[in-house]
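Let me begin by presenting the structure, written as structure tokens, before commenting on it.
The values are calculated or read from the model by the stated rules, or taken from the named source; none is laboratory data. In this text, all values refer to a predicted model and were calculated from it rather than measured experimentally. Neighbour counts run over all protein chains shown; Cβ positions are idealised from the backbone, glycine included. When the accessible area is computed, the model is the full protein with side chains, heavy atoms only, and any ligands, DNA or RNA have been set aside. Shrake-Rupley method; radii C 1.70, N 1.55, O 1.52, S 1.80 Å.
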Amino acid sequence: MIKINWDPISHLGPIPINWYGLFVALGFIVGWLLVRRWAARSDVAREKVDALLIWVIVGAIIGARLYYIVQNQPGDYLRQPLRMFAVWEGGLAFFGGLFGAIIAAFVYTRRERLSFSRIADIFAPAIPVGSAIGRIACGLAGMDYGTRTNLPWGVIYANPNSYAPMDGMPRHPDQYYELLGDLVIAGILTKLRGKLPQGGLFLSYLILFSILRFFIFFVRGSLGPVALGLKNAQWTALAILAVAVPVLLIRVSRNQNARVNSSQ
């Protein structure tokens, strides 16, 4: 078993340092640098990418917070509405952040008369890279902790400030399962770049990540099932798959038909 004694909050003199927040910020920065590099190859102006990143960050934070509130005692937040803004207490859900970022990006690209599908494809491989970086601190701090396990790589959280229960029980390091899955997805998307019709790379990300999340949440212990033994994120993943898979198949089929017609 692996014992983790990481304090999620450190202090630099009187200044508190939230390691999860720092790693999330680092994930955004790395993702931004990657998108900037890939955008330059696609003749998308850097200033457009920089402006879009601000929209994406704001949309992601708002969406992540709202999704978390909806699935975690929303009545408590309605009775204390100012707590909705207390993001430093924790409480950001990735799917909500993804939806918020997509909406913000769509609004921005429409306003600037850019192709949303083209921009989304540029961002696609960077999303799992940034997410993987955020998962490093998430696992150390005990956020989104896993269910109990007897596997030799089970983790025991020993720091009293950890977000995981202090019960001395080994748990699945599900945060690192997801980290590895994110890196695999990033590798697959990098290989697929330029081989799919426009929008196909982003749709592939949605499909692969939804599959990953569906299975990861069977060993996530911080949330309980909501219906038929499945958790909120699993139902969200199924909903995404129900939309993204047929849309991708239609786009690929149309692209193949167009190529056949053009060669005749």
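Among the residues in the range 191-204, are any among the aromatic types (Phe, Trp, Tyr), under 14 Å from the mean Cα position of the chain (by Cα) and in a helix (DSSP H, G or I)? Yes, there is a match, as at least one residue in the range 191-204 is among the aromatic types (Phe, Trp, Tyr), under 14 Å from the mean Cα position of the chain (by Cα) and in a helix (DSSP H, G or I). If you filter the range 1-23 down to residues that are modelled with pLDDT of 85 or more and closer than 15 Å to residue 134 by Cβ, you find that the one that is most open to solvent (accessible area, probe 1.4 Å) is 22.
The set of residues in the range 103-115 being in contact (Cβ under 8 Å) with a residue 40 or more places away in the chain and open to solvent by 20 Å² or more (accessible area, probe 1.4 Å) consists of 103, 107, 112, 114, 115. Just one of the listed residues (68, 77) is open to solvent by 40 Å² or more (accessible area, probe 1.4 Å), at pLDDT below 85 and either touching an Asp or Glu at 6+ places or on another chain (Cβ under 8 Å) or assigned to a helix (DSSP H, G or I) (or both), and it is 68. Exactly one residue among 228, 223, 241, 140 is out of contact with any Gly (no Cβ under 8 Å at 6 or more places or on another chain), open to solvent by 20 Å² or more (accessible area, probe 1.4 Å) and under 30 Å from residue 117 (Cα atoms), and that residue is 241. Candidates 249, 212, 203: the one that is surrounded by fewer than 20 Cβ atoms within 10 Å (Cβ to Cβ) and touching a residue at least 12 places away in the same chain (Cβ under 8 Å) is 212.
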